[in-house]
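The structure appears below as structure tokens.
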Amino acid sequence: MFKKYKLLLIINLTLLLGYFLYSFLVDNYNNKQLSPKVTISAKYLTYLYFSNEKTANELYVNKIIKVYGTIKEISYLNDRNTIILAGHSNASGVICDLNKTEFTKLNQLKINQPIYIKGICKGYLKDVILLNSYIDILKNNE
Amino acid sequence: MNKLFSLLFILSVFLIKDSTPNQFIARQGQVTFFSYASVENIEAKNNQVLSIIDFDNDKIAVSMLMRAFVFKKDLMHEHFNESYIESDIYPKATFEGSLENFDIKTNTEQTQLINGTITIHGISKEIGIKTTIIKSKKGIELVGEFNLIVNDFDIKIPPILSNNIAKVVLVKFNFQYLPYEIN
């Protein structure tokens, strides 16, 4: 009887340990280390979403994508650091919510500057939304 | 000459009247929900909520991507989207309401009830949301909070997790609107 309870205890402790280890790994592995599935221009991305949201979602939602475009706006709303890339029309853009490690790069950026940003695509409202984004500032001769 | 001046004056009055914007947009509205339960407290924030106000029709519309809610733990985010909200099937939550008795001309802070329909997880409910409206130099700010009953939206919580998630969730919002020119 005691051996049976001992076995159950060991199994439960192993499962609990496994759960906490998995949680730790998921929380600490960020997409900065991962390669993007696709590189796409901000204009084309917003155009695709505007034309066919369902298809664009199938292609990009919850995927790491690298977007290149010009900076339309740098926003500090909601105590967040956000770069908005110009889209295919004045009415839309790509909202890139930056990972907190990227904040120090913001003082190097200017409006209309070309830039690459990698992030997780979450979908589209009037703008395409990227979260957990990382900046790749283009060199002057690129 | 006097008639010409009179005509120009009347025209300028109309032009000034028409230049007041009647549509406003917030692209980075913030919505936060709080679940206070005996086992744990959960907080999630969405900083990319879209909202449009149309004062011509006294309407407000809000739309948010459920996938854009950020949790402290990624595992909570996974459970929220895959098990509770099923965001692959119901990717957006929306609210459409009426701005009753709101006066755009006044600069003083107003607290009004916005009545409308909220849709989450494919279920729509009528709701009244107490909202404070503040007019700033740049535009308009809306802040408020309300409670939602999780069961009302057919959100299934596994019995083993029933003590982890509150039956009533507090929702807070803050939208900062700028004039919106429809192209």
With all protein chains modelled, accessible area of B:S38 [1.4 Å, Å²]: 100 Å²
Fraction of beta bridges assigned by DSSP in the protein assembly as shown that are antiparallel (%, nearest 5): 90 percent
Carbon plus sulfur fraction of accessible area for the protein assembly as shown, probe 1.4 Å, in percent: 57 percent
Residues losing 20 Å² or more accessible surface upon assembly, segment A:106-134, compared with the chain by itself, 1.4 Å: A:K122, A:L125, A:K126, A:D127, A:I129, A:L131
Heavy-atom surface of the protein assembly as shown, accessible at 1.4 Å and reported per residue (Å²): 60 Å²
GNM result for chain B, Cα springs below 10 Å: residue of B:V39, B:V49, B:V150 fluctuating most strongly: B:V39
Partner aspartates and glutamates for B:K167 [C-alpha distance under 15 Å; skip if fewer than 8 residues away on the same chain]: B:E40, B:E43, B:D152, B:D154
Overall form of the protein assembly as shown per C-alpha gyration tensor (a/c, 1.5; a/b vs b/c): oblate
Cross-link table A:K105/A:K126; A:K37/A:K122; A:K100/B:K73, entries beyond 22 Å C-alpha to C-alpha: A:K105/A:K126
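Roughly how big is the A-B contact, given as buried accessible area in Å² (both sides, 1.4 Å probe, nearest 100)? Each step should come with its number before you reach the end.
Working: alone 9820 and 11830 Å², together 19470 Å².
Buried area (both sides, nearest 100 Å²): 2200 Å².
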Amide H contacts under 5 Å for B:K59, placed H, 5+ residues apart: B:D54, B:L99
For B:61-67, mean number of other protein chain Cβ atoms within 10 Å: 3
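Determine the relative contact order of segment B:90-183: mean sequence separation of Cα pairs under 8 Å and six or more apart, normalised by residue count, in whole percent. Kindly include the intermediate steps, with their values, before the conclusion.
Values: 156 pairs, mean separation 20.9, N = 94.
Relative contact order here is 22 percent.
For segment A:67-113, which chymotrypsin sites (Phe, Trp or Tyr not before Pro) are in a loop by DSSP, counting at most 11 other Cβ atoms within 10 Å? The partial results should precede the final answer.
Numbers: sites: A:Y68, A:Y76, A:F103; in loops: A:Y76.
Filter output for segment A:67-113: A:Y76.
The values are calculated or read from the model by the stated rules, or taken from the named source; none is laboratory data. Every value quoted in this text rests on a predicted model; they were computed, and no experiment measured them. Quick reminder, even Gly has a Cβ in these numbers, built from the backbone with ideal geometry, and neighbours come from all protein chains shown. Just so you know, the surface numbers come from the protein's heavy atoms only, side chains and all, with ligands and any DNA or RNA stripped out. Shrake-Rupley method; radii C 1.70, N 1.55, O 1.52, S 1.80 Å.
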